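Read the structure below first, then the notes.
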Amino acid sequence: MLAAPILLSLAAALFLAGCGGEEKAVPPDGRAPVTVPVMVVRSGAAGGDLILPGRVEAREEVTLSSRIAGRVTSLPLSGGAPFREGEVLVRFDAPEAREARAAAEAAWHAARTRLALARRQEARYESLYVSKVAALHELEVVRAERETAEAGEQGAGAAASERRAAVEIRAPFAGVVVRRRADQGAEVGPGAPLLDIRSRESGLVVAAVPEQESARAGGAVSIQVGDGPWREARLVRVDGMVDPLSRTRTARFRPRDSSGAALEAGAFARVRLGGAASPGAGTGSGAGTGASGGGSAGPGHEFAVPTKALVHRGSLAGVYVLREGRASLRWLRVGREAGETVTVLAGLDPGDTLALDPTGLEDGRRAEAAR
């Protein structure tokens with residue numbers, strides 16, 4: 001009878017002994033932290049530099065619009081196609097357009113006939129007035145009729161010329177098509193945009209400067225076209241009107257040294273406010289290196305991070321940020337790639353610690369920086 005109580009007491013003692021001592025914390029996923037190389041996003045040694053995206057503006061950039069209501073019957077060029085000056089870019093050759101043009105031409109022909117008759121009539125009355133057969137009043141009447149006929153002929157000629165120009169829109173200069181705004185066969189009204197075109201000659205580098213940074217545009221400025229070197233530039237002009245939505249002002253810059261490579265119209269460019277030109281400036285790679293400017297810390301700031309640090313999910317790109325011993329997937333808005341780095345336009349802040357190698361990481365996984 002005593003054996004059962006003894007066995008129960010022994011089992012309870014063993015259970016309490018197993019639960020005693022210091023309690024060990026077990027990670028939720030039960031896995032050891034991943035050790036990864038890291039880099040810290042910094043604001044750069046230049047401090048306060050502001051890098052803005054821009055583009056090389058062509059000397060001439062226009063939008064061709066329809067002058068009449070009608071159907072587009074020929075739109076032969078697509079985006080990126082070159083053209084010569086005077087080349088037909090858009091044609092309205094539908095039956096209704098041809099009939100309207102024929103009517104305008106007929107009206108002009110009738111106006112020319114009336115003018116010729118009025119001039120002959122005036123010549124006869126001038127001869128009769130000299131011979132004292134016609135009175136001065138009669139001569140003045142036929143002169144007024146001739147002047148009216150001239151005005152009518154000029155108006156009809158202008159209408160016919162406008163109708164001809166409306167059914168065939170020719171290139172005002174040699175250049176390239178930037179964008180098609182309509183398709184062949186589309187019905188459009190007067191003033192409808194059809195084509196955006198630009199000339200081949202480059203003009204200035206244009207960028208949208210935040211309103212609060214407008215004063216810096218007149219200071220030290222450098223520009224970079226594509227992946228080329230940074231070049232010192234000067235401010236040409238700033239638009240007086242502030243965009244009410246983006247709170248920016250459009251500024252245009254020109255390189256100070258005209259002996260450098262010519263600017264390619266339409267090319268991507270960067271404008272740096274507050275920094276002097278230096279080869280290779282503006283990008284950073286490797287641990288502890290960052291680009292000038294900031295990410296989401298302020299408008300217009302950029303960072304450069306190694307492309308090997310990016311994580312892709314379809315069309316999304318992100319990086320793993322180490323915070324409080326864990327990896328957090330941060331989605332980014334990225335810009336152009338330059339060699340082994342990519343520009344980050346939004347999604348990062350100065351001081352963020354990025355994992356340079358995302359292998360083995362996942363959102364929420366424990367991670368630590370390699371030493």
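Pair-distance distribution of region 134-270: all C-alpha pairs, bin width 10 Å, starting at 0; shares per bin in whole percent are 9, 22, 21, 17, 13, 9, 6, 3, 0.
Working from label points 7 Å from Cα in the Cα-to-Cβ sense, the residue 324 to residue 60 distance is 6.2 nm.
Spin-label point model (7 Å from Cα, Cβ direction): what's the residue 99 to residue 227 distance in nm? So the label points at residue 99 and residue 227 sit 5.9 nm apart. Residues 119, 252 in ascending order of nearby Cβ atoms (within 10 Å, fewest first): 119, 252. Between amide H atoms placed 1.01 Å from N, distances below 5 Å from residue 234 occur with 254, 256, all of them 5 or more places distant or on a separate chain.
Using the empirical formula 2.2 N^0.38 Å as the baseline, the Cα radius of gyration of region 79-135 reaches a ratio of 2.21.
Computed over neighbours whose Cβ is under 10 Å from that of residue 249, the net charge equals -3, Lys and Arg +1, Asp and Glu -1. May I ask you to derive the FRET efficiency for residue 236 and residue 212 from their Cβ-Cβ distance with R0 = 25 Å, giving the value to the nearest 0.05? That pair, residue 236 with residue 212, gives E of 0.75.
Each of 222, 246 was scored by other Cβ atoms within 10 Å of its Cβ. Arranged with the fewest first, they read 246, 222.
Across region 61-196, the convex hull enclosing all Cα atoms gives 118 Å³ per residue.
Size estimate for region 165-236 follows the Kirkwood approach: the inverse of mean 1/r over distinct Cα pairs works out to 16.3 Å. About the centre of its Cα atoms, region 74-129 shows a dipole size close to 280 debye [charges on the beta carbon of Lys, Arg (+1) and Asp, Glu (-1) only; nearest 20 debye]. Coupling constants for region 70-75 follow from the phi torsions by the Karplus curve (6.51 cos²θ - 1.76 cosθ + 1.60, θ = phi - 60°), and in residue order they are x, 10, 6, 9, 8, 9 Hz; glycine and proline get x. Going by neighbour counts of Cβ atoms within 10 Å, the residues 61, 87 line up, fewest first, as 87, 61. Each residue of region 218-225 is assigned a 3J(HN,Hα), and the resulting list reads x, x, 6, 9, 9, 10, 9, 9 Hz, derived from the Karplus form 6.51 cos²θ - 1.76 cosθ + 1.60 (θ = phi - 60°), x at Gly and Pro.
Read-outs throughout are calculated quantities, based only on the coordinates presented, and are distinct from any laboratory measurement. Only a predicted model underlies this, so the values are computations on that prediction, with no experimental measurement involved. Quick reminder, even Gly has a Cβ in these numbers, built from the backbone with ideal geometry, and neighbours come from all protein chains shown.
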